[in-house]
1. Stretch ALA165-VAL249 to full length: gain in nm at 0.36 nm per residue minus the Cα-Cα span?
2. Quick one: Karplus J couplings for segment 219-233, per residue in order, coefficients 6.51, -1.76, 1.60, θ = phi - 60°, nearest Hz, x for Gly and Pro?
3. Whose amide H sits under 5 Å from the amide H of LYS44, counting only residues 5 or more places off or on another chain, with H placed in the peptide plane?
4. Need the full-extension length gain, ALA213 to LYS44, defined as separation in residues times 0.36 nm minus the C-alpha distance. One decimal, nm.
Amino acid sequence: MSRLTFFAVLAFFIYYVTFLTGRPAFEASDAEPGKATSAQLTIKPGLIHRALLQKKALTLRDSLLESDAEPERLFRNLERSYSGDLFYSGALAFWCASFLLCAISLRQRVWFGRTMAWLLLVPSVLSMLLVLFGIRRELYTTMREPYDALFMSSIETFLFLLGAAALIRSSIFANRQAATPFLDHLQTRQREWLDYFRRAPITALQVAAISVASALIANFVVLPVYYLQMSFPTFFAFLLFVSLAGLAVFYVRAYGKVAHAQNPNPQVSTAISFLGFRILTNTMFLTGVISILALLITLVVVLSIVNLDVLQTIGVLKKASRL
């Protein structure tokens with residue numbers, strides 16, 4: 001395990017956590033005429049604090065304001081902002097949890113720690129580069145919060161250099177073996193293409209059976225439960241949380257029991273880290289597939305529009321006067 005990679009993961013974890021909990025910031029204080037502007041150190045609220053304030057403001061909609069004097073547009077914008085902050089808070093919490101589990105796996109020197117670090121550090125380093133050349137540059141040119149922009153750009157430059165150095169070092173020493181065995185058979189598991197063709201008919205029958213079962217479950221179970229959760233949202237949110245927690249505990253116990261064959265004393269934190277690794281890889285795979293499909297659809301639409309414009313320009317098609 002490279003200490004540089006471990007410290008880079010911890011540094012990015014702290015950086016992203018501050019967006020949730022709040023971070024130190026420098027604000028320009030109002031100076032008297034003829035004196036230079038000074039900077040004042042403050043705490044900038046995070047997404048959690050802002051979401052709580054928005055939720056508290058939304059409670060005023062029914063309790064203090066009359067229905068005929070209610071600013072509907074203001075509260076609609078506030079609801080959209082509140083929903084967006086909740087989504088970003090959840091996504092950022094998942095990203096921070098992935099960094100924390102990656103640090104645990106690197107500390108315990110298991111085989112998936114390096115792969116997990118690459119999956120996290122590569123987009124983080126690229127995002128630091130985009131922030132430095134995009135947002136921070138705009139702040140400098142418009143002179144909005146120059147002290148805070150200088151403070152954050154120095155931190156982001158350090159993170160970019162640290163993450164890039166960790167990735168370079170990890171790629172140079174890529175052949176090092178893990179010190180702690182944990183489900184090592186999943187690292188080198190390979191299947192022959194012939195096995196896929198042999199199982200193709202059975203797989204088709206299984207897919208058909210799953211489709212029929214899914215349709216029946218959707219019509220007779222999911223739809224009634226959907227209407228029930230609209231009437232009792234709090235109870236079903238708690239039930240969903242308990243179900244996800246129980247499923248996570250089941251997977252962690254299963255990983256621990258399977259890993260017991262290789263390591264007599266597998267640690268629970270390693271199983272939790274491996275669960276986070278699987279969730280991260282599946283999430284990034286689905287995100288990549290959706291992004292590729294969206295790019296392909298966008299490319300087809302753009303080519304169709306360009307082709308239509310070319311045909312209208314050369315006179316093959318006539319331009320429509322109105323739609």
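The numbers here are math on the coordinates, done by the rules we state, and not lab data. Only a predicted model underlies this, so the values are computations on that prediction, with no experimental measurement involved.
1. Details: separation 84, 0.36 × 84 = 30.24 nm, distance 3.58 nm.
The span from ALA165 to VAL249 would gain 26.7 nm if fully extended.
2. Calculated HN-Hα couplings, in order: 6, 9, 10, 5, 5, x, 5, 4, 5, 5, 6, 5, 7, 10, x Hz.
3. For LYS44, whose amide H was placed from the backbone, the distant partners under 5 Å are ARG23, ALA25.
4. Numbers: separation 169, 0.36 × 169 = 60.84 nm, distance 5.08 nm.
Answer, rounded to one decimal: 55.8 nm.
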